[in-house]
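Structure first, then comments.
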Amino acid sequence: MINKNAIELLVKRRFRYIGCNQPDIGIFFKPEEPDNLDVCVLANFTDGHIYSSWQLTNIYKEIERKFIFNGYRNINCHFIIFTDNINRDRLLMESNLSLWFADTLLGRVMIYENQPEDFHSIKNELEKIILPSKANTKGNIKFVPTMTIALIIINVIVFIIMEALGDTNSSSFMEKHGAMSWRLLFEEHEVFRLITCVFLHFGIEHLFNNMITLAVIGNEVEHILGHTKFIIIYTLSGIGASFISALYNMNVNHELYVISAGASGAIFGILGSLLVTSLLYRNIRLHINPANIVIIAVLSVLNGYMNYGIDNIAHIGGLLFGIIITFISCLCTKSVIK
């Protein structure tokens, strides 16, 4: 059903409702001048009925034909999509329609590039009613960061197994079970270490710190980019961080036998991803200040240089990989928000 508060908001703006044979579609119109007409279409995607861009375009054409037949020459039609899965539904932007997304999970109106900044001054009012609508909508499924949870569980299980087998604080033990060594990677061609080292940790404190950070940052990034993109960015950042670290140790610290492990490179990757999304997504930027992310990243890197035994090169490598991969991903999917 259409959000009742949104209907009341349009009625206050003197929009009038016209009948529609779809219970999850509401069409409202308001004559502005003798030949001009503003039309607002409310669509509810939170009840499981999803419309394709082709279907929305057909709805627009039907509205246009109806009102042109009634003597209106200029018709301004604007869609407002109530959704609980912004990553799925933003593909509708390919339809070239004028539309906003009312994200019922984050309580934000998502306005993509080349879309109107406001429509009859309803944006702020609409954002205020989204969260109540989420609380009152029966059957609305709350977003669950399944990939973040799965990664934490896997890391914990691996740590428990490793502790049962030996001492996770022992470099030789960790090397034997998949930790990163540039000699074994480049000389013995044990490529699997690029990923296995990401799931190994030196002691409980190392694991705990990484998992807490993953839980906080991962939840936000996974919601913004979706499960698939999140796990791809996490994995590629982890692999990239491991490779950069090994390459650096081979060329700079070749006299030292460095053994490294941990999820921090991958976590720095999603931190870089959060930085990119906070810069590109205007509505995310209202809640997450990119400057704060930069400060966190800089302080973390400085802390790495001040403490012995931290693989800072892996952190920097993961951060750069996360930034680059996320930026390319956003460009390729045209998911740039004002």
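The values are calculated or read from the model by the stated rules, or taken from the named source; none is laboratory data. Only a predicted model underlies this, so the values are computations on that prediction, with no experimental measurement involved. Glycine also receives a Cβ, built like all others from the backbone with ideal geometry; neighbour counts cover every protein chain displayed. Accessible surface is based on the protein model in full, side chains and every heavy atom, while ligands, DNA and RNA are left aside. Shrake-Rupley method; radii C 1.70, N 1.55, O 1.52, S 1.80 Å.
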| For segment 24-75 versus segment 143-211, the gap between their alpha-carbon centres in whole angstrom | 54 Å
| note | Distance in Å, no decimals, from the C-alpha centre of segment 303-329 to the one of segment 107-121 is 34 Å
| In the neighborhood of LEU200, defined by Cβ-to-Cβ distances under 15 Å, what is the net charge if each Lys or Arg adds +1 and each Asp or Glu adds -1? | -4
| request: Determine which aspartates and glutamates satisfy two conditions relative to LYS30: a Cα distance under 12 Å, and not lying fewer than 8 residues away in the same chain. | output: ASP38
| request: Quick one: what are the phi-derived ³J(HN,Hα) couplings along segment 13-27, Karplus 6.51/-1.76/1.60 with θ = phi - 60°, whole Hz, x for glycine and proline? | output: 8, 6, 7, 10, 8, 10, x, 9, 7, 10, x, 9, 10, x, 10
| task | Using a 1.4 angstrom probe, figure out how much accessible area the chain has per residue, in square angstrom, rounded to the nearest whole. | result | 50 Å²
| message | What is the percent carbon and sulfur in the accessible area of the chain, measuring with a 1.4 Å probe over the protein chains and ignoring ligands? | response | 61 percent
| said: Using the crude model of +1 on Lys and Arg Cβ and -1 on Asp and Glu Cβ, and no other charge, please compute the dipole size for the chain relative to its Cα centre, in debye to 20. | reply: 1200 debye
| field | Option label - Cα extents along the principal axes in Å computed here, alternatives (1) 58, 43, 37; (2) 83, 36, 32; (3) 89, 42, 37 | value | (2)
| field | Relative compactness, segment 139-250, computed as alpha-carbon Rg over 2.2 N^0.38 Å | value | 1.17
